[in-house]
Structures are given as C-alpha cells and as structure tokens.
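Contents: one structure, followed by commentary.
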Amino acid sequence: MSHTDAPVGSDADAQSAAISRSGTSVRKGIPLVLGAASCWATSGVLLKQILLSYAPTPLTLAFWRDFLTFIVLILVLTAFRRELLRVRRRDLPALIGLGVISVGLFHILWVYAVALVGVAPAHVFNYTAPAFAVVLSWLLWREPITWRKMTSVILTSVGCVLVARAYDLTQIRLNWVGILAGLGTGITWATYGIFGKISLHRYTPWTLVTYAFGFAALTILLPQPLRALSFPWSQPWHIWFWLWLLALVPTVGGFCLYTWGLRYLSASTAVITVSVETFLAAVLAFLIFGDVLSLLQILGGVMIVISVAVLSTEKQG
C-alpha cells in the first residue's frame, strides 16, 4: 500500500467505526429513554390515587416525592455500593446544578405553571424543552442542528399540543407570570441532559440521581419548610403506599433509566425521545380510568412516535 493510500483507508475505517458506534449508541440509548418515558407515564395515575384521599399543596407533594426518592437511593447505595456516593469536590457544581435547577426548580416552576395557566398549556410549555436542548447543545458543544432534529422538534411540539388538548381554548388561561413559569419548565428540564452529560463521564446514573434528588428536596423545602414536613405523618397506610410507589416507579425508575440513556444519546435526542411520555400517560388514563382518547390525541401520539423514529436514524456524537 502506498503512503497516499493509507490515510484514505484509515479515514474510511475510522468513519465506518464511528457510524457503527453511533448506531450501537442509538440502539442502546433509545430503549432506555423509552423505558424512562413508560415509568414517567405512571405518575399521573399514582398522583390521582394520592389526591383521591388527600389534597396536599402541590409543592408539599413535590417535596415528599423528591425526598422519598433520595431516601430510597441513599439507603440502597449505602447498603450495597457505598463507593458510588463518593464524589470529588470540583464536581459538586454540576451535581448541584442538576439537583437545584434541573429537578428542584423545575418542579417548583411546574407547580406554578399548572396553577396559573392550566394543566394542558403547562404540558405544552414543558415540551418546549426539546427546542431549548437543541439550542443549548449547539451553544455548549457545537452539536449540529440537523434536519432530523428540527423535524423531530416540530413533530413533538405539535404532537404534545394535540395529546394535551391545548387546542381547547376553554382550558387556557394565559398570563405573563404563568407563561414565564411555563417556559421556565422547558428551560430547566432541558438542562437535565446538559448537567447529566457533564457528570456522566465520571459517575454512574445512580450517583447522579441520588445527589440530584437530595439537592432537589432541599430546594423545594426552602419556600415552605414547616408545611412540607407536616404533610404525611398522620395519613393512613395507603397514602404512604402510593407515595412510596410514586418515588420508586416513575421517579427512581424513570430518572435512572433516562440518565442511563444519556450515556448513549445526545441531550437533545434524549429529551425529544422522552416526549412520548405524554401520549403514554394519556393511554394509561384511558386504560385505567376510562378517559376518552380523541382522534386528535391519537394523531398527536402518532406524530410523537414518528419523531422518535426519525431521530433513531440520527448519528450520535
């Protein structure tokens, strides 16, 4: 082989290997993120069971969800993998950002968005996260904004509007504070992938989620310490059962699977893919509570699924 031929073959082999790694990453990452979406889709069902028997303030419920999640993870890791709790001091800012901004502040803004603009518009604002994730990934890492990503963002956004029935004007009560809170949920949720990607090269998803929910619980506790702590102690056992289930399935399960998926997918790909949770939640509500699924909601779900299919062919950097 001549010297002029070597680089060509080398480049071709490198490109082929990169494509192979990219395909493997997608095949590993998308099922993990879809698993996270399936876990998160159960949140509405579990929350409804809790609220049927008791009506805490939304922030109080958010605190106990995050705190119980932290307790579960800290106990499991202390018992079986204590070494995973060790982190370097210089890595704490990213972990604090993950917990305070991406989880704690997100939950606070979500509560206020729902209260101020309604559930359906709040869901739509929340799913501006894919667009914010694409922009943030480009700004931080120069991750290309490809036609596949833009197509997926558009399909996901329109699909979420249809699934959440945000086209029903009777559900909408917009005001500037509510709009800002809603957009805040999109921005803060988009940062989960950013902070997660920064830390995942050194720590496991178990470590990240444990610290994230510890800092998140502290963040939510600050505006309402006495009220939050007074909620569940006198409640019957079935309230505690649903609370622990809420912590275990959608929270521990969902966030660990999603964080694991970030090992293989870009932040923008992960947050777009997990948008399928909106449709899965609507399907669960139909199966369990008999909530009617309209044709437009089904169309929205199909659009979200197509967006994931489009992304599955995207090369991961």
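The values are calculated or read from the model by the stated rules, or taken from the named source; none is laboratory data. On a predicted model such as this, the values are computed, not experimentally measured, just so you know. Glycine also receives a Cβ, built like all others from the backbone with ideal geometry; neighbour counts cover every protein chain displayed.
So for the range 51-58 (the condition being not in a helix (DSSP H, G or I) and not hydroxyl-bearing (Ser, Thr, Tyr)), does at least one residue qualify? Yes, that holds for at least one residue.
One residue stands out among those in the range 137-162 that are crowded, with 19+ Cβ neighbours inside 10 Å and in contact with a Gly (Cβ under 9 Å, 6 or more places away or on another chain): the one that is farthest from residue 193 (Cα to Cα), which is 162. Applying the criterion of at least 1 residues that are within 19 Å of the chain's Cα centre (by Cα), polar (S, T, N, Q) and crowded, with 22+ Cβ neighbours inside 10 Å to the helices (runs of 4 or more DSSP H) found wholly in the range 194-262 leaves 205-221, 254-261. Identify all residues within the range 82-108 that are farther than 17 Å from residue 204 by Cα, buried (at least 21 other Cβ atoms within 10 Å of the Cβ) and in contact with a Leu (Cβ under 9 Å, 6 or more places away or on another chain); write none if there are none. Hits for the range 82-108 are 104, 107, 108. Candidates in the range 48-81 are the residues that are surrounded by 15 or more Cβ atoms within 10 Å (Cβ to Cβ) and of a type in the set (D, E, K, R); of these, the one that is nearest to residue 246 (Cα to Cα) is 65. Can you tell me which residues in the range 263-309 are among the charged types (D, E, K, R) and either in a helix (DSSP H, G or I) or at pLDDT 90 or above (or both)? 263, 277 - these are the residues of the range 263-309 that are among the charged types (D, E, K, R) and either in a helix (DSSP H, G or I) or at pLDDT 90 or above (or both). Within the range 135-185, the residues that satisfy the criterion of being farther than 19 Å from residue 279 by Cβ and assigned to a loop (DSSP other than H, G, I, E, B) are 142, 143, 144, 145, 146, 172, 173, 174, 175. Among the residues of the range 120-127, is any closer than 26 Å to residue 210 by Cα, part of a loop (DSSP other than H, G, I, E, B) and in contact (Cβ under 8 Å) with a residue 24 or more places away in the chain? There is at least one residue in the range 120-127 that is closer than 26 Å to residue 210 by Cα, part of a loop (DSSP other than H, G, I, E, B) and in contact (Cβ under 8 Å) with a residue 24 or more places away in the chain.
Given the condition crowded, with 20+ Cβ neighbours inside 10 Å and either free of Cβ contacts under 8 Å to residues at least 60 places away in the same chain or under 15 Å from the mean Cα position of the chain (by Cα) (or both), answer yes or no: does some residue in the range 167-176 qualify? No: zero hits.
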